[in-house]
Every structure is written in structure tokens, then in C-alpha cells.
Amino acid sequence: MFAGWTGAVALGLVGLLALLLAELIVGGWRTFDRFGLGFFLGRAWNPVRGREAFGALPFIFGTLVTSAVAVALAVPVAVGLALLLNEVRGFVRAPLASFVDVLAAIPSVVYGLWGLFVLKPFLDRHIEPFMTSTIGTVPVAGALFRGNPNGPDLFTAGVILAIMILPIVTAVTREVVAVVPRELREGALALGATRYESIRMAVLPYARSGIVGATMLGLGRALGETIAVSMIVGNVPRIGASLFEPGATIPSWIASSFREATSVGLHRSALMALAVVLVIVAFVLAALSRLLVRRTASLVSGETPGAAETEIPKVTR
Amino acid sequence: MRRVEVADLSAWYGPKKVLHEVNVVAEPRKVTAIIGPSGCGKSTLIRCMNRMHEEVRGARVRGKVLFDGMDIYSPDVDPVDVRRRIGMVFQRANPFPTMSVFENAVAGMQLGGRFSRSELKVRAEGALRAAGLWEEVKDGLDEPGARLSGGQQQRLCIARALAVEPEVLLMDEPASALDPASTLRIEELIEELKRSFTVVIVTHNMQQAARISDWTLFMLYGEVVEFGPTSKMFTRPDEKRTEDYITGRFG
Ligand SMILES: Nc1ncnc2c1ncn2[C@@H]1O[C@H](COP(=O)(O)OP(=O)(O)O)[C@@H](O)[C@H]1O
Ligand SMILES: [Mg+2]
């Protein structure tokens, strides 16, 4: 009975999702039909009738870059926080834990405002020039950190995203770290490992697949975040090496241009097509994360055969 | 010397006192067995002997554990150093699941010390031989340690403990989760190990204590009932309660 209900609900949800996707595809069809693969690879975006050109590449680029910056900044901090909160004793734990939880409760438009009026000026004035003059001088990779520090940019958007995904990545990582078997930590400690060494030796390797999962969850959040990014990123379709120049992500672009998109011509259809691309990117990443988690998890699960083999009743007395 | 002397040791988990002024001595090149019913504090006692007890939240101790005369609980002693010199094998084999057999064997050496690959190989082989595992794994050193059978995993854990060249080896029911054949191997191994180590072993199994130990400590409810040479304990114990327990007339 209950199974029947849940089954029906699950089916309904899948159906709804399929319907949604179908609607998007139908809506975007005229664009896909007209530009084909060129829609994915094109860089121009011109809704003026007669000169219409639509390409998603700058938005795919912006989405991936801001999300990558977010993950690169958030994951190390989240893992550190999770370890601090779970492994280290001390009076900072409780306040720190609730602080991270509070971060999750802040609406994203507030992040956007704060990012625009507090974080951006700070990064522009202090952090970005500093990065330009230090890691910016490295050959090749340094190009990422050169550019005009003023004005909206991909980096600032990435930092805001990092703060926004920090709670979820931290929470999931904490869960994962909490289930690392006691015996493994103690095994390391009994060999004369310091607390730090026991984390590196026993906790992190065991938790690795879970941390990958947490990262992917955060990445998924970052990909889809709209308002905060839209307020900060500049919404300029651009592809370039520098993180300190403006850009646009798929959600930010849709959010900032849907008002002008009428059903006359292709503009509205192109935005729908853009949404389809976002869904595809998210699906691809979800599938990839599945694979990654499974691969790293299989390294750990070799555990079972030995343990299962030998549970014989204890002979006592 | 490598003598471990527990003097008036009490231990708590939070407010719960589980060891009451325990006194016992583990002599070098001898096997000292700790026996007693489940929950009497055997694991707690052995974990106090290399400061693993304090890794449980809220756990604390009072009293002394003298290692060659030095109190391992004195404030200027680093528990990390204690554990390097006093190794431990646990009830459940706990090889590091992401590491190969070889990496597991040398895991402890990677801490603190810097060894060349060839030194590591020599020490790994030595430890695996000492643990009686070498012949079985020498062709599969790069296999995951977790792929081994339960008995092999436990011997891998013994090898891992031996590779850091400790002076004392503490074993908490090392064979209780193993089949009889693996148990026998572990017992033979302990015979070997006692030539060079001070061995302390917790066991649930009376016959095992009688077979392999030189000294036996019998505990009840966190207190020492009797401590003496194994042969005497198992033939004419001083205490009635010891006799009852050993002959199986006890709860
Ligand atoms: N982590 C712990 N927290 C609280 N109590 C514990 C803990 N570990 C053991 N105890 C208690 O301490 C007593 C001794 O346990 P233990 O040393 O494990 O006994 P044994 O090894 O002889 O079976 C038992 O009453 C047990 O319930
Ligand atoms: Mg025990």
C-alpha cells in the first residue's frame, strides 16, 4: 500500500521532470534547429531581428569558471572546518558550527547585495591587486590573475558562490568524517601518529569519496545560483583568460535578459535553449560525480571480504 | 629493560570509574595475559598502558604507568612518543583500507621518520616475516591490504606495529574474531615475539591464556583479583574467585 503510493509519487515526479525538460526543449527548438551545434559553440549573442545570432559558449564558460572558483575556494575551507568541528576538541566548536549553519539560512539576494557593496570593493582594492602582483607574475597561469581589478568580475562572483556553498559542503563533509570507523583513527594513533597525521592517514583517505560527493553537491549549487551572481558578475558575454574581468553565467544571463525577450523572433527561444544547456551541464556533472564517487568508494570497500569471512561465535570460559 | 609497571591505576569514562587502583607488572621477554569476564576493564587497562585510553572523549586516569621507571603519564611525556615505543594490536583487524599491503606495513614508519624506498622495503619484509605473513603476501605487496583474509589482516596489523620497532607490544584480544587456524598462527607468533618484546595480551579465552602466557592477571569489575605466574594461577590459585572463573563455575 505504502510502497504503491511512494512508487506513484516517484513516478509522478519523474514525469513532471520529463515534462519540464520537454517544454524547455520545445521552447528552445527553433534555436537548436536554426543554429544546430553552432549554438553550443557560438560566441555571439544578438537578439536584433534580422541580425540574430545566438551562441551559448560565453555563458557556459562563465558558469564553469565561477563554479570552479567557488569549489576551489570552498572545498579546502569546508574540509578544514569539518575536521575542526569533528576532530578537534575545544570551545570554538559550537559557535563555529552555528555560524556555518547560519550562512545557509541567508537568502541569496542578501549575498548579492553584500557581495556588491562590501565584498567587491574590498576584493577590488586589496585582494585582486595583491594577487596580480604576486601569483599574477607566474608565466601562463598568471594570466588568470591579471586584469582590471575594478568593476564586476568572475572572481568576485566565485568568492560569493564559495561562501554560499560552504555550509552544504561542510555539512556533508562532516557527515562523512563522522562515519570514519574509530578503529582506523585508533590504528593510526597507536602507531604514534599525531592528531594531524591520523587525519591524513586514516580519516581523509576513508572519507575521500564522500568529500568528492560533497564537492559535487556544492558544484551543483554553484552552477545554478542566479540572483547573487547576476548582481556581481557583470553580465557581459565574454571569454578570456582573466578572472578579474566581467563575464556572465547561464542563470545570470537568463535572469538579466528574460524581460526583453519577446516571442517575436528567436530571443525567447534562445533563452529556453540556454536553460536546456544548463540542465545538460548539470546532468553531465551529476553523472561524472556518480562515477567519481563510485571509483573512489571502490578503493575503500575492499574491506568487506576479510571482515565477513571470520565472524565465529566467541568461545569463552 | 622494557618493563611496564602499572601502579595504583584508576580509570574513568566520564563519571563512571571502571578501573580501581590496579597494580600489575609486565616483565620483559615474557607474555602477560589479562583475563576476566566481558566488561571487567581488560581493554581499558591495556589501553591505559600506551595512553590510548585518553582518546575516548571524557576518559581520564589517575595513578602511574612506569615504563622502565619513567611515568608515561607525567606531564612532560608526549603520548605520541609513548605509542611509538609501546605498540598496539586491536581486537578487530584494522588495516588502512586505501593502502596496499606494503603501505600498511610501513605506515607507521612514514610518520616522523624519513626512509628511503629500499630501507622501507627491508623493514617491511622484516616486519612481515616477523608477523609470519611474508610468504603469503610477498607476490602481492601492492594489493590492497583489505583484500586479505581476516587472519592475514590481523597479522598485517601486527607487522605494521612491529615495523616501527616498538619495545612493548600490547594486544587486545587479537584472535577473538579469527577462525581456529588463524588463532593458532597468532599464538605461535606470540611465542616468537616474546623473544624480543614485552608482550601483554588481553584474552577472553582461558585455554589461550594458559597456553601462551607466563604471567596472568585476573580481573573482576575493574579490580585485580589475582596476579601471578600462569602455571600457579591455573593449578592452585590463591583466590576462590579465580578458581571459580577458571573452572567455568563463574557467571
Ligand atoms: N567508550 C566508553 N565509554 C563509556 N564506557 C565505556 C567505554 N568503553 C568501555 N566502557 C565501560 O567500561 C567498562 C570496561 O570496559 P572494557 O575495558 O571494554 O572491558 P573488557 O575489555 O574487559 O570487556 C565496561 O563497563 C564498559 O561498559
Ligand atoms: Mg575488551
For this session: Go through the residues of the stretch B:153-172 one by one and say whether even a single one is in contact with a Pro (Cβ under 9 Å, 6 or more places away or on another chain), more than 10 Å from chain A (Cβ to nearest Cβ) and outside any helix (DSSP H, G or I).
Result: yes
For this session: Filter the stretch A:239-257 for residues that are out of contact with any helix residue (DSSP H, G or I) (no Cβ under 6 Å at 6 or more places or on another chain) and surrounded by fewer than 21 Cβ atoms within 10 Å (Cβ to Cβ) and give the result.
Result: A:GLY240, A:SER242, A:GLU245, A:SER257
For this session: Go through the stretch B:81-102 and count every residue that is part of a helix (DSSP H, G or I), open to solvent by less than 20 Å² (accessible area, probe 1.4 Å) and within 9 Å of another protein chain (Cβ to nearest Cβ).
Result: 2
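I'd like to verify a number: residues in the stretch A:82-111 that are of a type in the set (A, V, I, L, M, F, W, C) and farther than 22 Å from A:ALA228 by Cβ, how many? Break it down into steps so the answer makes sense when it comes.
Taking the stretch A:82-111 as the starting set, the residues that turn out to be of a type in the set (A, V, I, L, M, F, W, C) are A:82-85, A:88, A:91-92, A:94, A:96-97, A:99-100, A:102-106, A:109-110.
Those still in the list that are farther than 22 Å from A:ALA228 by Cβ too: A:82-85, A:88, A:91-92, A:94, A:96-97.
Residues meeting the conditions: 10.
Among residues belonging to the stretch B:178-198 that are part of a helix (DSSP H, G or I) and open to solvent by less than 30 Å² (accessible area, probe 1.4 Å), point out the one that is nearest to the other protein chains (Cβ to nearest Cβ).
Kept after step one, since they are part of a helix (DSSP H, G or I), are these residues of the stretch B:178-198: B:180-193.
Imposing the further condition that a residue be open to solvent by less than 30 Å² (accessible area, probe 1.4 Å) reduces the set to B:182-183, B:186-187, B:189-190, B:193.
Numbers: B:SER182: 7, B:THR183: 10, B:ILE186: 12, B:GLU187: 14, B:LEU189: 17, B:ILE190: 18, B:LEU193: 16 Å.
That would be B:SER182.
Using the structure shown, decide if A:VAL79 is touching a Phe, Trp or Tyr at 6+ places or on another chain (Cβ under 8 Å) and not aromatic (Phe, Trp, Tyr).
no
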Problem set entry | Cβ pairs under 9 Å, 6+ apart, first in the stretch A:11-40 and within 17 Å of A:SER269 (Cβ to Cβ), second hydroxyl-bearing (Ser, Thr, Tyr) | A:GLY27/A:SER269; A:GLY28/A:SER269; A:TRP29/A:SER269; A:ARG30/A:SER269; A:THR31/A:SER269; A:PHE32/A:SER269; A:ARG34/A:SER269; A:PHE39/A:THR31
Seminar exercise, completed: Sole miss for B:ILE201 among (1) crowded, with 19+ Cβ neighbours inside 10 Å; (2) more than 10 Å from chain A (Cβ to nearest Cβ); (3) more than 16 Å from ligand 2 (Cβ to nearest atom); (4) closer than 26 Å to A:GLY192 by Cβ is condition (3)
For this session: Would you confirm whether any residue within the stretch B:53-70 is within 13 Å of chain A (Cβ to nearest Cβ), under 25 Å from B:ILE190 (Cβ atoms) and part of a loop (DSSP other than H, G, I, E, B)?
Result: no
Seminar exercise, completed: Those residues of the stretch B:115-151 which are within 14 Å of another protein chain (Cβ to nearest Cβ), part of a helix (DSSP H, G or I), closer than 23 Å to B:ALA175 by Cα and of a type outside the set (A, V, I, L, M, F, W, C) amount to B:GLU136, B:GLY145, B:ARG147, B:GLY150, B:GLY151
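Scanning the stretch B:17-52 for residues that are within 14 Å of chain A (Cβ to nearest Cβ) and more than 14 Å from ligand 1 (Cβ to nearest atom), which turns out farthest from the chain's Cα centre (by Cα)?
To start, the set of residues in the stretch B:17-52 that are within 14 Å of chain A (Cβ to nearest Cβ) comprises B:35-40, B:42-44, B:46-52.
In the following step, the residues that additionally are more than 14 Å from ligand 1 (Cβ to nearest atom) were identified as B:50-51.
On the way: B:ASN50: 10, B:ARG51: 13 Å.
This residue is B:ARG51.
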Exercise. Looking at the stretch A:181-291, what helices (runs of 4 or more DSSP H) fall wholly within it and have at least 3 residues that are more than 15 Å from the chain's Cα centre (by Cα) and under 30 Å from B:ALA105 (Cβ atoms)?
Worked result: A:182-190, A:195-198, A:204-224
Seminar exercise, completed: All-but-one check, B:ASP139 against (1) at pLDDT below 90; (2) crowded, with 24+ Cβ neighbours inside 10 Å, failing number (2)
For this session: Name the residue, out of A:VAL71, A:VAL159, A:VAL65, A:VAL77, that is modelled with pLDDT of 95 or more, in contact with a helix residue (DSSP H, G or I) (Cβ under 8 Å, 6 or more places away or on another chain) and open to solvent by 60 Å² or more (accessible area, probe 1.4 Å).
Result: A:VAL77
Seminar exercise, completed: The one condition A:ALA202 fails out of (1) at pLDDT below 90; (2) at the interface with another protein chain (Cβ under 7 Å from one of its Cβ atoms) is (1)
Problem set entry | Count of residues meeting criterion [in contact (Cβ under 8 Å) with a residue 24 or more places away in the chain and open to solvent by 30 Å² or more (accessible area, probe 1.4 Å)] in the stretch B:26-50 | 6
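Out of all the residues in the stretch A:81-98, is one or more outside any helix (DSSP H, G or I), in contact (Cβ under 8 Å) with a residue 12 or more places away in the chain and farther than 23 Å from A:GLY220 by Cβ? Give the derivation first.
Filtering the stretch A:81-98 down to residues outside any helix (DSSP H, G or I) leaves A:88-92.
Okay, now just the ones that are also in contact (Cβ under 8 Å) with a residue 12 or more places away in the chain, so A:88.
Filter once more, keeping what is farther than 23 Å from A:GLY220 by Cβ: A:88.
Yes, the conditions are met somewhere in the stretch A:81-98.
Could you list all residues from the stretch B:104-114 that are assigned to a helix (DSSP H, G or I) and either within 16 Å of ligand 2 (Cβ to nearest atom) or more than 10 Å from every other protein chain (Cβ to nearest Cβ) (or both)?
Keep residues of the stretch B:104-114 that are assigned to a helix (DSSP H, G or I), which gives B:104-105.
Passing the criteria: only B:ALA105.
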Exercise. Got a sec? Which of B:ALA159, B:ALA163, B:ALA105, B:ALA175 is at pLDDT below 90 and buried (at least 23 other Cβ atoms within 10 Å of the Cβ)?
Worked result: B:ALA175
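From B:ASP214, B:ASP172, which residue is within 16 Å of ligand 2 (Cβ to nearest atom), among the acidic types (Asp, Glu) and within 27 Å of B:ASP8 (Cβ to Cβ)? Write out each step before concluding.
Numbers: B:ASP214 fails: within 16 Å of ligand 2 (Cβ to nearest atom).
Just one listed residue meets the conditions, B:ASP172.
Condition first: open to solvent by 10 Å² or more (accessible area, probe 1.4 Å) and either part of a strand (DSSP E or B) or over 22 Å from B:GLU188 (Cα atoms) (or both). Now tell me which residues in the stretch B:204-219 satisfy that.
Pass one, the stretch B:204-219, residues open to solvent by 10 Å² or more (accessible area, probe 1.4 Å): B:204-205, B:207-208, B:210-211, B:213-215.
Scanning the stretch B:204-219 gives a single hit, B:TRP215.
The values are calculated or read from the model by the stated rules, or taken from the named source; none is laboratory data. Since we're looking at a predicted model, the values are computed, not measured. Backbone-built Cβ (ideal geometry, glycine too); neighbour counts: all protein chains shown. Protein only, heavy atoms only, side chains kept; ligands, DNA and RNA dropped before computing areas. Shrake-Rupley method; radii C 1.70, N 1.55, O 1.52, S 1.80 Å.
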